[in-house]
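Reviewing the structure listed below.
The values are calculated or read from the model by the stated rules, or taken from the named source; none is laboratory data. Remember, it's a predicted structure, so these values are computed and weren't measured experimentally. Here the Cβ positions follow ideal geometry from the backbone for every residue, glycine too, while neighbour counts run over all protein chains shown.
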Amino acid sequence: MSKQRLNINYYEVFGIPPTATSEDINTAHKALAKMYHPDINNSEDAHEKMVILNEAHDVLSDAKKREMYNNELIQHQQQRQNQEKPSSHPVKTKQPRTTTGAPWRMEKAELLRKKAEEELKKVEAAQKIRMEQAQKKAEEAALKNKQQKVDFERQDVISELSALVMGDTAKRKKNIEIDEERHHATKVLLSMVRRDDSRLRQMTEEAERKQRIDEILSLVKEINDKKEEWV
């Protein structure tokens, strides 16, 4: 352990006592790293601070390194005390002091932990809002697709009904034409029975226009045959 490292009290860097647990060390390191990481903090000494934080975490999070560091830190503090106040009395061994910290240290680990928790809650709340918005959009899209499907099905039904109606109309029209032809033939027969030659010629011409001349001639021949029997 170099003297340069011992000039920095890692416990004071994290704002924790020498009796702090591993969890306290990790919590303090994460909280400070969020504040001084060069990707977040643009200050000139951010990189140097991050190096010290990582070095402190590396030592204090390892049981053997931490024990060695504590022993060397105690010896270093004893040497400084002996140099400042020479005395013939032996210096009592004591734990590293935590009354003063590095000049750039901000808050204690507990305050930093609370701040980190608040930031985490904000992030979680923002994520929840984004998820709710995404879910709402998905539901709206599903509803829209369902409505489009219903519209397509309704249009198919309308098309089928229209086809049926048009088909029935054509059938009715054809039946009407057949009825008209039958009515026309009946008039021709009645006219012939009554010996109305002018009417017969008129009806015959009409029948010819309807391309039913063959049928009418056949009927006429049949009536003429009957006439001979009537005379």
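Figures for the structure shown
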quantity: Boolean, MET50 is assigned by TED's automatic domain parsing to the domain that holds PRO17 and under 15 Å from ALA28 (Cα atoms); calculated: yes
quantity: Matching option when the condition is surrounded by fewer than 12 Cβ atoms within 10 Å (Cβ to Cβ) and at pLDDT 85 or above, among ASP39, ASP62; calculated: ASP39
quantity: Of all residues in the stretch 65-86 being basic (Lys, Arg) and at pLDDT below 85, the one that is surrounded by the most Cβ atoms within 10 Å (Cβ to Cβ); calculated: ARG80
quantity: Every pair of residues 6+ apart whose Cβ atoms lie under 7 Å, when the first sits in the stretch 27-43 and is farther than 20 Å from GLY15 by Cα while the second is modelled with pLDDT of 85 or more; calculated: PRO38/ALA46; PRO38/HIS47; PRO38/MET50; ILE40/LYS34
quantity: Selected residue (only one of ALA102, ALA46 is modelled with pLDDT of 65 or more and of a type outside the set (Val, Ile, Thr)); calculated: ALA46
quantity: Index of the failed condition, PRO17 passing every other in (1) modelled with pLDDT under 90; (2) surrounded by fewer than 16 Cβ atoms within 10 Å (Cβ to Cβ); (3) assigned to a loop (DSSP other than H, G, I, E, B); calculated: (1)
